[in-house]
Amino acid sequence: MMSQNPPEPWLPERRWSYLVIASMIAMIFVLLSTQDRMRRLKPRAPDAQVSLEARLEDLVLAAPKVLGPLTGRALPGRAIDPAEAAAGSGWDQALLAVHAAERGDLALGRKLIQAAPGSEGERFRQLWRYAYEGAGAAPDPATREAVRKALGDGFAARILEVRRLARAGGAAPAAEDEARAWALRRLEVLGAAGGLACLLSLAGLGFGLTLALGSRPRDPVGQAGTAGSGSPASPPRHGAREHVDGLPGPAAPKALPAFRLPGRAVAIVLLGWFLTLLASGPVVGLVLAFLPFLRPLALPMAYGFHASLGLTYLCAAEGIAFPTLWRRALPGGSRGAAGAGLGFFALAFAAVMAVAMLLSPVLRHAEPPQKELLDLLAHLRGPLAVALAFLTVAVAAPVFEELLFRGFLMPWLGSRLEARFGPRRGWFLALAITAVTFGAMHMQPWGLPTLSTLGFVLGLAYLRTGNLATSILVHGLWNGSVFIVMRIVAG
């Protein structure tokens, strides 16, 4: 039986590949600038309901009213800054108008209710004036239901209904007890999450110190080639390649995969994937225009579209099938990923929180990273839509993004930068470049520092363990925990 030679990677010719790369970069800039221009020129539709940030603010402002009776004393609440409140969306201001009225500041409430948009906004003003000022006729059930939905069915919506009942002579005390019990359950969960966050930060700090203190640089000879020679050793079996321990940690990484693609091929693959990412939204939007019943599948469809094509580009260029790519990225399976993953997850949390706090004066009024995605996920309804979104965010996204950035791009960069700058600097540069690329890929300028910090820890997890399952687990824990907390806040 004749043995077949393994397929060769794609080697695009220099004479046309650079023209293709330049054309793809120009196309990306045109698409991004066109999308930004259209976003600016197109009148923004008013928000149909409160934002995710306002839902969290709703619980924070409700805390004194909910916890005060339990402690037997009045608790101070966070002041409502009129200037800051006026900067929010219409329904966010409407929510704050309810809390202002609950604190007796009817003047501020009258000012904020004017921002509520559309016909539902007029219904809200009618209900607010009736509940807090006794003005006008009692709102009908349709009005109350529309306002409740627009206010996110949170504490503000419930306490507004309590005041309406009190004005109409209904069972207000029972309704108020129910509203407080609803908020108390969520405050307890958020309190537990805050306690867990403190523990995670401490654990992350301890884990980071362990990595730093356990660092022992090793003689590079015999691991990745002769130090300073710029000549890497022959790759070991299964396409894996050992490299020098050049980063903090108690032990050298295992084997990282080696890819033979030239730089121009890698550029074409990554730019092609990014173009596909930009096209995924319009493509799915076109599908939904003809098949609107698929709307609950919008997020999985969009992500599956660009992720599957991105992996197809990479496998075709490298000349391998996806199972081969998977085995190359995880040569040792997922053994030992759980323990290391928990440690690096705690480190990621501590690092991201530290960066966020340091930059909080600058980023205070900036939109949170991926705000549109967060709002989309917060407004999901139905168990099927929520479950599919969770699987996309906490499973599919970590697997694809770790394969692309840590499983492919970082080893590819590291092996080349190592030959040029030496093991320690080369792999550190590969780690840093991959982290910033990962952050930039999310197309959220204000979120670049925190997202790049997360990408740095994900890359460090892969380098320190040599196991892509570790970084996939850390990424999945991060996305999954954000998703769960967001759904709790959204109610």
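Cβ-Cβ distances below 6 Å connect the following pairs, each with a first residue in the stretch 280-299 that is assigned by TED's automatic domain parsing to the domain that holds Ala387, a second residue that is assigned to a helix (DSSP H, G or I) and of a type in the set (Lys, Arg), and a separation of six or more residues or different chains: Leu288/Arg295. Of all the residues in the stretch 244-297, those that are under 30 Å from Leu211 (Cβ atoms), surrounded by fewer than 17 Cβ atoms within 10 Å (Cβ to Cβ) and modelled with pLDDT of 90 or more number 0.
Has the stretch 142-149 got at least one residue that is within 23 Å of Ala63 (Cα to Cα), polar (S, T, N, Q) and in a helix (DSSP H, G or I)? The answer is no; no qualifying residue exists.
With surrounded by fewer than 21 Cβ atoms within 10 Å (Cβ to Cβ) and either of a type in the set (Asp, Glu) or under 12 Å from the mean Cα position of the chain (by Cα) (or both) as the only criterion, which of Val399, Val395, Val482, Val436 stands out? Testing whether each residue is surrounded by fewer than 21 Cβ atoms within 10 Å (Cβ to Cβ) and either of a type in the set (Asp, Glu) or under 12 Å from the mean Cα position of the chain (by Cα) (or both) leaves just Val482. Checking Arg186, Arg158, Arg180 one by one, the residue that is assigned by TED's automatic domain parsing to the domain that holds Ala62, in a helix (DSSP H, G or I) and closer than 21 Å to Gly121 by Cα is Arg158 and no other.
The values are calculated or read from the model by the stated rules, or taken from the named source; none is laboratory data. Keep in mind that what you see is a predicted model, and the values were worked out from it rather than measured. Counting neighbours? That spans all protein chains shown, and the Cβs are built from the backbone with ideal geometry, glycine included.
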